[in-house]
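The values are calculated or read from the model by the stated rules, or taken from the named source; none is laboratory data. None of these values were measured; they are calculated from a predicted model. Methodologically, a virtual Cβ is constructed for each residue, glycine included, from the backbone with ideal geometry; neighbour enumeration extends over all protein chains shown.
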Amino acid sequence: MLDSDLAELYGVETKRLKETVKRNIRRFPEKYMFELTVKENDSLRSQIATSKAGRGGARYLPMVFTEHGVLQLSNYLNSESAIEIGFKIIDAFVRLREMIMDNTELRLAFEEIKRKTENNTKNIELVFQYLDELLQKMEKPKPRTEIGYKISRKNG
């Protein structure tokens, strides 16, 4: 989650939230919180249509928090609303992870079905190819070699 979104949920200014993090930076390793790169921030701005820097936009790159970073932040903001909201956000992350896992399992099941049907399709195509070859052989039988006594037709 973005720092500005969390600040709004916690009822604090984004500036204060960032100050809290910077004062306790050892408590926020990169797997808990990181800053967007300039390129990522520009992409984010274009996607959510925020103002450009210098025209009321933020002067610093946004911080992004994982579910663990959100919990850590709620511990350091130390207000009732921060604690309550922190738990709700973590619950939302847990539900999101469960949904992703469910979708991953579904996707894997679909891929397995697809793989099996592709194999079946290839096998069916092969059977039809053999049938076509057999039908062609039946339509154009090889001339049979006569057996037995051969009598010349000129003499008779």
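Is it the case that Tyr76 is of a type in the set (Phe, Trp, Tyr), surrounded by 11 or more Cβ atoms within 10 Å (Cβ to Cβ) and at pLDDT 80 or above?
In short, yes.
Pick from Leu131, Leu77: which is within 30 Å of Leu36 (Cβ to Cβ) and among the hydrophobic types (A, V, I, L, M, F, W, C)?
Leu77
Quick one: Val70 ticks every box in (1) among the aliphatic types (A, V, I, L, M); (2) loosely packed, with under 12 Cβ neighbours inside 10 Å; (3) modelled with pLDDT of 80 or more; (4) closer than 30 Å to Gly11 by Cα bar one, so which box is it?
Unmet for Val70, out of (1) among the aliphatic types (A, V, I, L, M); (2) loosely packed, with under 12 Cβ neighbours inside 10 Å; (3) modelled with pLDDT of 80 or more; (4) closer than 30 Å to Gly11 by Cα: (2).
Go through the range 30-59 and count every residue that is surrounded by 13 or more Cβ atoms within 10 Å (Cβ to Cβ) and either modelled with pLDDT under 80 or not aromatic (Phe, Trp, Tyr) (or both).
11
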